[in-house]
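Take a look at the structure below.
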Amino acid sequence: MGRVGLAPDVRRFRDLAAASRALAEHVVERAQESVAETGSFRVVLSGGRTPLGLYRILADPAASQVPWPQTHVFFADERCVSPRSPDSNYRAIRDALLDHVPIPRANVVRIRGELRPPSVAAAEYSRRLGPDTRGSRGPRFDLVLLGIGPDGHTASLFPGERALVARRGRAVSVAEAGVEPFVPRVTMTLPTLASSSEVCFLVAGSDKSRAVARILSLRSNGRHPLPAARVRSRGPVRWFLDRAAAAGLSRGSTAIR
Ligand code: 6PG
């Protein structure tokens, strides 16, 4: 659910490639609008494999015109591993996107997951995220991109975990990840994710269709058992789904694009 009362915007596509292309176009639009309005575009990127195709499209200047010099990149979560580890979200996003675009290094606000203990990494990231808004210019982020797991987790907010109800700290550590890789994590909290003008989920695969149906069919609320259902924004929450992930939704809900 987006702003209280705003129904989620659900878009269904024939496959992940089509959903990724559509979301890339949307990201470019939002980036250009944000830079025109505020001089910058502050985007939070998700880890995992699903968005890598999207990141590669955004890295291709022929396919997308993101104003990279004015763009600031943050991370929804990170595994507590070295940034050179194959499990590092930062490494995957750097390889797919950041190494290929003219974004100033200082504009990439990495979670230093290699710091020990993980609570130190979370506290440092909370400080680096800065104030809850951009001064008078409103929300801290212009766009948050997220995925979900088959258990309905998002970022590294897992069902039943303490991090899910964290209200203090803009990022917190998670001792035990609920999915592979089973390493500690650092994750933005729900209030931090909610301080965005908009959230977009990109979800693909039949293994997630049950979670998608539970999230989108039940009236979402702050106590919903699935973490992704608790994600809010100050504006819309949009779902870019492939056919398999949308299979559990009622037929009439969204046309295949
Ligand atoms: C992570 C992500 C996580 C991811 C989901 C989906 O660190 O892994 O932040 O929340 O978005 O687990 O992962 P896939 O896209 O690989 O299915």
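Computed from the coordinates by the stated procedures, all read-outs in this text should not be read as laboratory data. Note that the coordinates shown come from a computational prediction; the quantities given were computed from them, not determined experimentally. Positions of Cβ are generated from backbone atoms using ideal geometry, with glycine treated the same way; all protein chains shown enter the neighbour counts.
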Revision key, fill the gap. The long-range amide H neighbours of PHE13, using H built 1.01 Å from N in the peptide plane and a cut-off of under 5 Å, are LEU241, ASP242, ARG243, ARG257
Check your understanding: Counting Lys +1, Arg +1, Asp -1, Glu -1, what net charge surrounds ALA121 among other residues with beta carbon under 9 Å of its beta carbon?
Key -> -1
**Study point:** Calculated over the range 36-119: convex hull of Cα atoms, volume per residue (Å³)
**Key:** 99 Å³
**Study point:** Fluctuation leader among SER85, SER196, SER20 - the chain, Gaussian network, Cα springs under 10 angstrom
**Key:** SER85
Review point. Just how far, in whole angstrom, is the range 45-77 from the range 151-203 if you go by their alpha carbon centroids?
Key: 20 Å
Review point. Rg and Dmax of the range 1-142, using alpha carbons, in Å: what are they?
Key: 15.8, 43
Point to revise | At most 11 other Cβ within 10 Å, DSSP loop - trypsin sites (Lys or Arg not before Pro), the range 193-249 | key: ARG219, ARG223
Review point. For the chain, what class follows from the C-alpha gyration tensor (a ≥ b ≥ c being the square roots of its eigenvalues): rounded when a/c is under 1.5, otherwise prolate if a/b is larger than b/c, else oblate?
Key: rounded
Revision key, fill the gap. Most fluctuating of ARG91, ARG56, ARG167 in the GNM of the chain (C-alpha, under 10 Å) is ARG167
**Study point:** Highest-fluctuation residue, GLY152, GLY235, GLY130 considered, GNM on the chain with Cα pairs under 10 Å
**Key:** GLY130
Point to revise | Amide hydrogen neighbours beyond the local backbone of ARG42, cut-off 5 Å, H modeled | key: HIS72, ASP142, LEU143
